[in-house]
Every structure is written in C-alpha cells, then in structure tokens.
Amino acid sequence: MDHHATRQPYPYVRRPLTEPDWRRLPGWRDVTAAQWRDAQWQRSHCVKNIRQLRAVYGGLLTDRFYEELAADQAQFATMSMLLPPQMLNTMAPHAPTEPQAFTEAFLADPVRRYMLPVRADRHPRWPSHPKAERDSLHEAEMWVVEGLTHRYPTKVLAELVATCPQYCGHCTRMDLVGNSTAQVTKTRLELRPADRQEQMLDYLKRTPSVRDVVVSGGDLANVPWPQLESFLMRLLELGSVRDIRLASKAVVGLPQHWLQPKVLEGLGRVAKVAARRSVNLAVHTHANHVRSVTPLVAEAARALLDVGIQDVRNQGVLMRGVNATPEDLLDLCFALQDEANILPYYFYLCDMIPNAEHWRTSVHEAQVLQDAIMGYLPGYATPRIVCDVPHVGKRWVHQAVAYDRELGISYWTKNYRTGLELRTAQETDGDSADSGPDALLARRHPYYDPVDTLPEPGRRRWSEPCP
Ligand code: SF4
C-alpha cells in the first residue's frame with residue numbers, strides 16, 4: 001500500500017478510463033460498437049423528449065421520475081432536453097437494475113443533475129436569486145456586431161451559432177442558446193450566418209487591438225465544417241489575431257463529432273496555417289465530472305492534438321450536487337490531465353441565471369475549494385476557480401476586494417473598460433474624470449451568493465424587498 005498517498009486528505013490513485021456499456025440500457029441493447037462511434041448515429045439518436053427517454057430506459061426509471069421531469073420542463077427548465085447517447089450513457093453507469101434502486105442512482109448521478117434536471121432538484125424556497133438575469137453577463141449589450149462580444153481590452157467572443165449537440169441545464173447563454181422552453185422564449189440571432197461572420201471579420205479588421213478570439217456559440221460542433229474552416233482561415237489572414245480558441249463541449253458530449261475524418265482533416269489544414277503564422281490554436285471544452293471523461297473523449301482530444309491543435313483545455317462549471325467537493329474536482333482534473341491530454345484550466349462559478357440557485361455555490365465555498373485543490377496537480381494544470389462578475393469579467397475567487405458574508409455580497413474591481421463602458425464614454429463625449437484608470441479601479445461591482453447558503457439574518461434580509 002502506498003502510505004504516502006493514502007495519508008493525504010486526497011488520496012491520489014491513477015484510474016484507467018472506462019466507457020460504460022450502453023447495451024445495459026434496454027433501448028440500446030442491439031447497438032453495435034460501429035454505430036456508437038458514428039457521429040450521425042449519435043446525432044439521430046439524441047434524446048429530445050420524455051417519450052424518447054422512456055424508449056431508452058424501458059421500465060428502469062419509475063413513473064414518478066418522469067412526472068418530476070415533466071414538472072421541471074413546465075415550471076423551471078431554461079434549456080430544452082437534448083442528450084446525445086454518449087452523454088446519457090455516462091449517467092448511473094453501475095446502477096442496479098431494479099427500477100426503484102436504478103431511479104435513485106439515476107437521481108443522484110452528478111451528470112444527470114445538470115444535464116437532465118427534475119423539479120425536486122430545484123430549491124423549493126429560492127429557485128432563483130432576486131438578482132438573477134437571463135443574460136446575466138450582459139454579453140448581448142456588449143455586442144459590437146451581432147454575436148461578437150467585446151468585453152475585455154484585447155479579446156472578443158464570437159458566437160457563430162446558437163445551437164449545440166447537447167443542452168446543459170445551467171447554460172449561461174440560456175437567453176440565446178437552444179430552443180425555447182415553457183418558461184423561456186429565446187432571443188434569436190437575426191443575421192444570416194454568412195453576413196454575421198462577414199461583419200465580425202470586418203470589425204476585427206478595423207480593430208487590430210483585438211489579438212485573441214474565442215470562437216464559440218452554442219457549440220462549434222454545430223457549425224457546418226466548410227463554413228467553420230472558411231471563417232477560421234479568414235481569421236488567420238488578419239495578422240493582428242494571435243490566439244484562437246475553439247469552444248466545443250462536444251469533445252466531451254459528442255466526441256464522435258471531432259473524430260470524423262472530414263473534420264480532423266479540415267482542422268489539420270487550419271492548424272498548419274496557424275503554425276505557419278505563429279498563431280496559438282487551442283480547443284476549449286467543458287467537462288464537469290470524471291464520469292464524462294471516457295476513452296472516446298480521450299481519443300478525440302488526442303486526435304485534435306495529433307492534427308496540430310496546440311492545447312485542449314477544460315473549462316468546467318462548479319456546481320453543487322455535481323462537483324463541488326475537493327475529491328470530485330481532483331478526480332476530474334486527474335482524469336483529464338493523466339488520461340485524456342486535456343488541461344484542467346478553469347472552473348467557473350455557475351452564473352446567476354434564473355432557476356440556478358440549487359447549482360450555485362457561494363464565493364466563500366469556492367474559495368475553500370480552491371485552497372483544498374492546491375498542491376496536488378502540477379502548477380500549470382491546477383485550475384483556477386473563477387467568478388464571472390457582471391460588468392467586470394472573470395476574477396479568481398480570492399480577488400474579491402470586500403465581502404459581506406451575511407448578505408452574501410462580494411465586491412470586485414477591474415482595471416479596464418468593457419465595450420459597454422467605452423461606448424457610453426463615446427456617447428457622453430469621451431473620458432470624464434470619473435472614468436479614468438483610478439476611477440475604474442475604485443468602482444466596486446457586486447456579486448451575489450445563493451440566498452440559501454447565507455446565515456439566518458441574511459436570508460431574512462433577502463426575504464424583504466431587495467437589500
Ligand atoms: S454546450 Fe455550452 S453553450 Fe451549449 S448548452 Fe452547454 S453550456 Fe450552453
């Protein structure tokens with residue numbers, strides 16, 4: 001026995017990845033390995049509604065589960081249901097086959113808890129924070145052209161598409177991404193994709209101070225490959241862009257997409273041009289629990305690196321009931337780092353969107369978690385836990401400049417102007433004394449902890465009109 005490991009608060013043990021056997025589920029009993037690896041088969045067998053979920057699980061899930069799911073879709077869901085078989089298969093992989101026991105294991109499953117929420121998951125008293133907003137990061141307000149958010153001085157976010165191969169219950173872009181739900185009518189992108197991309201490229205040409213482009217959505221796996229390749233090649237023609245980051249949760253949710261020869265060949269062509277021009281080309285993905293990291297995910301990440309992508313990085317989301325313990329975070333990070341060649345990069349606090357309180361953690365809890373995971377992974381692979389503060393941007397959780405723990409309000413500063421502030425300054429005739437660098441740093445922006453995590457006096461205050 002390795003006493004050095006077992007006597008640590010987190011006992012590190014290297015564990016091989018496993019692909020759960022999909023044939024344990026009645027609806028996929030006859031699915032072959034070749035079908036499973038086929039991206040088209042995965043897409044055409046995605047589960048989009050309760051009828052399809054019943055067809056996969058047969059009698060394994062109780063009627064009560066389906067009632068709770070239907071109630072959630074009617075009363076709370078901000079994202080519609082869309083689950084590739086790959087993703088569904090990672091839920092409750094070792095559950096017993098007796099329906100009551102299977103349902104309990106399924107309900108407790110961390111991937112199920114954020115990909116397939118049911119009513120009983122939501123907080124009964126505080127499903128939403130009083131300050132929650134649909135576009136909680138105000139990204140659309142910072143669009144310089146439709147879908148292009150210019151928030152930081154040298155970086156932009158380009159949203160090419162408003163759909164994904166999978167929909168996550170906690171999606172920050174719930175305002176825009178996916179189909180409307182009973183509770184949320186989605187905002188629609190209005191420009192044709194080609195026109196939107198033209199306008200984005202035109203803006204970037206006119207704005208050489210932007211050196212870093214996050215190409216995202218939605219999920220890039222839903223952009224037809226020739227369209228994505230042509231956008232990336234044109235981006236590479238702009239000498240000013242030095243970093244390109246491609247965002248796709250599908251590396252984890254639908255790795256079969258990124259394993260398709262036509263996609264890998266195309267990426268290889270893009271990577272060659274990027275290397276010739278010394279542009280850093282990386283892929284960012286989104287795994288929240290070690291169960292999602294399977295051999296197919298590792299194979300997809302390896303294939304991306306093999307065709308010339310410089311780095312595959314993970315940006316997870318910290319969520320209660322999913323991964324908000326040191327063990328869960330470290331198990332995930334070690335699986336990514338040791339077995340899948342994916343760098344554990346960030347964990348974001350779950351954003352303040354409606355009906356997300358049961359997932360959100362307080363800043364204090366996140367600070368404790370950050371401390372707990374230090375020292376186990378190599379420094380460069382130790383993820384930072386960050387809070388995306390509205391009107392500020394990503395901040396490491398220990399960067400709060402003040403914190404009222406009773407009311408759960410932390411305060412944050414920034415050292416730059418967002419696109420929104422620059423536009424306001426322009427409209428009000430340039431710099432005024434209160435928008436100079438000192439004034440920018442002095443301004444404190446609030447962020448709010450989930451009310452149910454506060455001490456009783458704080459909860460009482462939030463029960464009254466907003467403090
Ligand atoms: S893949 Fe990303 S953009 Fe799509 S639903 Fe999930 S979190 Fe939202």
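With a simple spin-label model that places each label point 7 Å from the Cα along the Cα-to-Cβ direction, the separation between THR6 and ASP438 comes to 6.2 nm.
Treat every Asp and Glu Cβ in the chain as -1 and every Lys and Arg Cβ as +1, leave all other atoms uncharged, and give the resulting dipole magnitude about the Cα centre to the nearest 20 debye.
Details: 55 positive and 55 negative charges, 136 e Å.
Roughly 660 debye for the chain.
For the range 87-190, what's the relative contact order in percent, using C-alpha pairs closer than 8 Å and at least 6 residues apart? Intermediate results must be reported in sequence, preceding the final value.
Details: 85 pairs, mean separation 19.0, N = 104.
Once normalised by length, the contact order is 18 percent.
Modelled spin-label separation between TYR203 and ARG125, with each label point placed 7 Å from Cα along the Cα-to-Cβ direction: 4.3 nm.
Of the beta bridges in the range 342-467, as assigned by DSSP with both residues counted there, near 80 percent are antiparallel.
For the range 140-397, give me the percentage of DSSP beta bridges that are antiparallel, rounded to the nearest 5 percent. Write down the numbers at each step before the final one.
Numbers: 8 of 35 bridges.
Close to 25 percent.
Take every DSSP beta bridge whose two residues both sit in the chain; close to 35 percent of them are antiparallel.
Within the range 16-121, the percentage of alpha carbon pairs spaced more than 21 angstrom apart rounds to 31%. Could you calculate the FRET efficiency of VAL13 with ALA275 from 1/(1 + (r/R0)^6), where r is the beta carbon distance between them and R0 is 45 Å, rounded to 0.05? Rounded to the nearest 0.05, the efficiency is 0.75. Summarised as an ellipsoid, the range 140-397 has semi-axes of 27, 22, 18 Å, derived from the eigenvalues of the Cα gyration tensor scaled by 5 and square-rooted, with the largest first.
At a 1.4 Å probe, what is the % contribution of carbon and sulfur to the accessible area of the chain? Walk me through the numbers before you get to the answer.
Details: 10110 of 19470 Å².
Exposed carbon and sulfur together represent 52 percent of the surface.
Is the shape of the chain best called rounded, prolate or oblate, per the rule: a/c under 1.5 gives rounded, else a/b larger than b/c gives prolate, else oblate, with a ≥ b ≥ c the square roots of the Cα gyration tensor eigenvalues? In terms of gyration-tensor shape, rounded.
Report note on the peptides 48-57, 255-264, 356-365: ranked by the mean count of other C-beta atoms within 10 Å, highest first, their order is 356-365, 255-264, 48-57.
For the chain, the number of Lys pairs with C-alpha atoms closer than 30 Å, counting only pairs eight or more positions apart or on separate chains, is 28. Here the contact order of the chain, divided by its residue count and restricted to Cα pairs under 8 Å and six or more residues apart, works out to 15 percent. The relative contact order of the range 16-121, computed from alpha carbon pairs under 8 Å that lie at least 6 residues apart in sequence, is 31 percent. Largest first, the three principal axis extents of the alpha carbons in the range 87-128 are 34, 22, 10 Å in whole numbers.
Approximating the spin labels as points 7 Å out from Cα along Cα→Cβ, the THR62-to-ARG23 distance works out to 3.1 nm. Couplings 3J(HN,Hα) of the range 31-37, computed from phi: 6, 8, 4, 5, 4, 4, 7 Hz, in residue order, whole Hz [Karplus 6.51 cos²θ - 1.76 cosθ + 1.60, θ = phi - 60°; x for Gly and Pro]. For the range 296-409, the pair-distance distribution built from all alpha carbon pairs, in bins 5 Å wide starting at 0, is 2, 11, 20, 22, 18, 13, 9, 4, 2, 1, 0 percent. Averaged per residue, the chain has 42 square angstrom of accessible surface, using a 1.4 angstrom probe with ligands and nucleic acids left out.
Gain in length, TYR416 to GLU265, computed as 0.36 nm per residue apart minus the alpha-carbon separation, to one decimal in nm? The partial results should precede the final answer.
Values: separation 151, 0.36 × 151 = 54.36 nm, distance 3.96 nm.
The span from TYR416 to GLU265 would gain 50.4 nm if fully extended.
The values are calculated or read from the model by the stated rules, or taken from the named source; none is laboratory data. For clarity, every value in this text was computed on a predicted model and none was experimentally measured. Don't worry about glycine lacking a Cβ; one is built from the backbone with ideal geometry, like all the others, and counts go over all protein chains shown. In case anyone asks, the SASA skips ligands and DNA or RNA and just uses the protein heavy atoms, side chains included. Shrake-Rupley method; radii C 1.70, N 1.55, O 1.52, S 1.80 Å.
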